[in-house]
Amino acid sequence: MKNRQLEHFDNLVSMFFTRARDKGDAPFLWAKQDGKWVSTSWAEAARQVASLATALQALGLRRGDRVMLVAENRPEWCISDLAIMAAGCVTVPTYTTNTERDHVHIIENSGACAVIVSNAKLARALMPAAVRSSSARMVIAIDEMRASQSGSMEYHQWHQLIADHPTDPDAVAARCTFRREDMACIIYTSGTGGAPRGVMQHHGAILHNCEGCCTIISEDFGWDDEVFLSFLPLSHAYEHTGGQHFPISLGAQIYYSEGLEKLASNIEETRPTIMVVVPRLFEVLRTRITKAIEKQGNFQKRMLERAVAIGAKKAAGGVPLKDKPMELVINATLKPKIAKRFGGRIKAMVSGGAPLNPEVGIFFDSLGLTFLQGYGQTEAAPVISCNRPSAGLKHDTVGPPMKGVEVHIADDGEILVRGELVMHGYWRNEEETDRVLRNGWLHTGDIGQIDNQGRIQITDRKKDIIVNDKGDNIAPQKVEGMLTLQPEIMQAMIYGDRKPYMTAVLVPDPEWTQEWCAATGTPNDPAALAEDREYRATLNRAVERVNKELSQIERIRRFILADEPFAIENQQLTPSLKIRRHVLREVYGERLTALYRG
């Protein structure tokens, strides 16, 4: 099926039902049950989607109603998402790590009238928010849970709803007359002001992404019977499109990983052809591969070192003639072993969601694994560009724009994007919509350039959003504002771009410090206090109070104390009293980086 083209679809649901008719009883969704991989066929998935969609309509949900979906990656996530859209409703995916406070904001802002939750554990943070909300009136539980957890809301069981509403999938498919410009989902992403913003993704935006990705697969690799391993949270725009709708467009199988600890074994078991992952995972895999090879002795260790050295030369322009014999040896010995660890049929590993260190890409390419870095934003459904072999792989770029995507570099260097992939705006947030959408162009907030091969290179981030090593977005102002509300803390800057967790620079409140010193009989000497265990423990308790109100990805794990307050005079504050992050990073960057060692 090489160079096959994706058909033009009017909506995501029609694409799914078309694929389901084509594939029939072939396996579609896979999950581990009692230690064994069990599949749900395309036909069975279509039956469940149709029945659940009919049930949602029977419960009184109407076209345009928002339905929140809170679940870990599993077949029921995909089926629920498709059923919500098939019923004419709008999916509101939500992170499983969200706090009750996060759920309150999203339910109230989206106006979700129903929530689908996978289990009792996730319901503990969700249900108090739903019960208190002004819009939510029903909860649908995928796994069994006590009806009492739903409070005064209507309670329904996911599997029972499907059983009670048997429906012809073709009849439901025929009613799915939604247009490409109709809204499919609202995906919330952190805003610079701290409150999550709901990105309105329409059917056409995600379909546009699928069409562009399919073009790359078809033209650069050949479109066959593809297999995906879903690992990233499906509430993340990257996985929602790249790990669910893109595989559906290809008629691919999707395996749901058991988690990071079992990912390596899951890869060997499922033998994926395409992996959609964030840089942090590749860094973890690189470490594990290196350690495993080093354990095999000095010879294998030297082979790995030579492979990476040759790969670096290849990336820089070509392999010298003198290295060709060693390259042949590596191709015959080391690369087949690495390929086996990845199942033996991997076509490409696609990195997105966060910036990638080019050395990581060179490492995997050196071992014979095609590594593609992409670039995108939730506001663009989310893929804007992607490296591809036919355009020439260059790991310090994010490749050329996808098919049908216009990219323009503004006078100040900001990357602007236009095309069907661009969102229609932020839900109920005209001010932010007007700020980023101007004259049809999405202002990405990223600074970059386009090289002579048409590839985008990101050089800086105009916006303040922190993107951790897993691709999660963290709004620093929100966390910093919460920290400075504590009586012990006067100023704060959080840090963690491309890092596994958040750290911070804290300026203790001088009046509180004076009172603490008087109460404990400790001299008020800043240098000595910075090393005082009791003083730091008291500040840590203040940080922990804030952490209780934050999601896992936002929480501060470690901190350092500033040498002096942030001020205009030391150029650490602007005249309008905003912190200068680049200045603070220069002053404290080395000490902050040290917090991640050991």
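The values are calculated or read from the model by the stated rules, or taken from the named source; none is laboratory data. Please read all numbers here as calculations on a predicted model, not as lab measurements. Here the Cβ positions follow ideal geometry from the backbone for every residue, glycine too, while neighbour counts run over all protein chains shown.
For region 446-462, a residue qualifies if it is surrounded by 18 or more Cβ atoms within 10 Å (Cβ to Cβ) and part of a loop (DSSP other than H, G, I, E, B), and exactly one does: 455. Just so you know, in region 529-539 the residues that are out of contact with any Pro (no Cβ under 9 Å at 6 or more places or on another chain) and under 13 Å from residue 562 (Cα atoms) include one that is surrounded by the most Cβ atoms within 10 Å (Cβ to Cβ), and it is 536. Region 127-232 holds helices (runs of 4 or more DSSP H) entirely within its bounds, and those carrying 3 or more residues that are surrounded by fewer than 20 Cβ atoms within 10 Å (Cβ to Cβ) map to 158-164, 169-175. So, of the residues in region 407-435 that are of a type in the set (Asp, Glu) and surrounded by 14 or more Cβ atoms within 10 Å (Cβ to Cβ), which turns out to be farthest from residue 209 (Cα to Cα)? Result: 432. Of the residues making up region 488-507, not a single one is assigned to a helix (DSSP H, G or I) and surrounded by 14 or more Cβ atoms within 10 Å (Cβ to Cβ).
The rows are residues; the columns are (1) surrounded by 14 or more Cβ atoms within 10 Å (Cβ to Cβ); (2) among the hydrophobic types (A, V, I, L, M, F, W, C); (3) in contact (Cβ under 8 Å) with a residue 24 or more places away in the chain.
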position	(1), (2), (3)
551	yes, no, yes
554	yes, no, yes
560	yes, yes, yes
582	no, no, no
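Please verify whether residue 206 is within 29 Å of residue 430 (Cα to Cα), among the β-branched types (Val, Ile, Thr) and not assigned by TED's automatic domain parsing to the domain that holds residue 482, treating the condition exactly as stated. Yes; evaluated as a whole, the condition is true for this residue.
Residues in region 388-439 that are assigned to a helix (DSSP H, G or I) and modelled with pLDDT of 90 or more: 430, 431, 432, 433, 434, 435, 436.
Checking residue 264 against (1) farther than 30 Å from residue 211 by Cβ; (2) free of Cβ contacts under 8 Å to residues at least 40 places away in the same chain, which test does it fail? Against the list (1) farther than 30 Å from residue 211 by Cβ; (2) free of Cβ contacts under 8 Å to residues at least 40 places away in the same chain, residue 264 comes up short only on (2). Residues that are touching a helix residue (DSSP H, G or I) at 6+ places or on another chain (Cβ under 6 Å), closer than 22 Å to residue 107 by Cα and surrounded by 24 or more Cβ atoms within 10 Å (Cβ to Cβ) within region 30-70 comprise 52, 53, 66, 67, 69, 70, listed in sequence order. Considering region 1-33, and only residues there that are part of a strand (DSSP E or B) and of a type outside the set (D, E, K, R), the residue that is modelled with the lowest pLDDT turns out to be 33.
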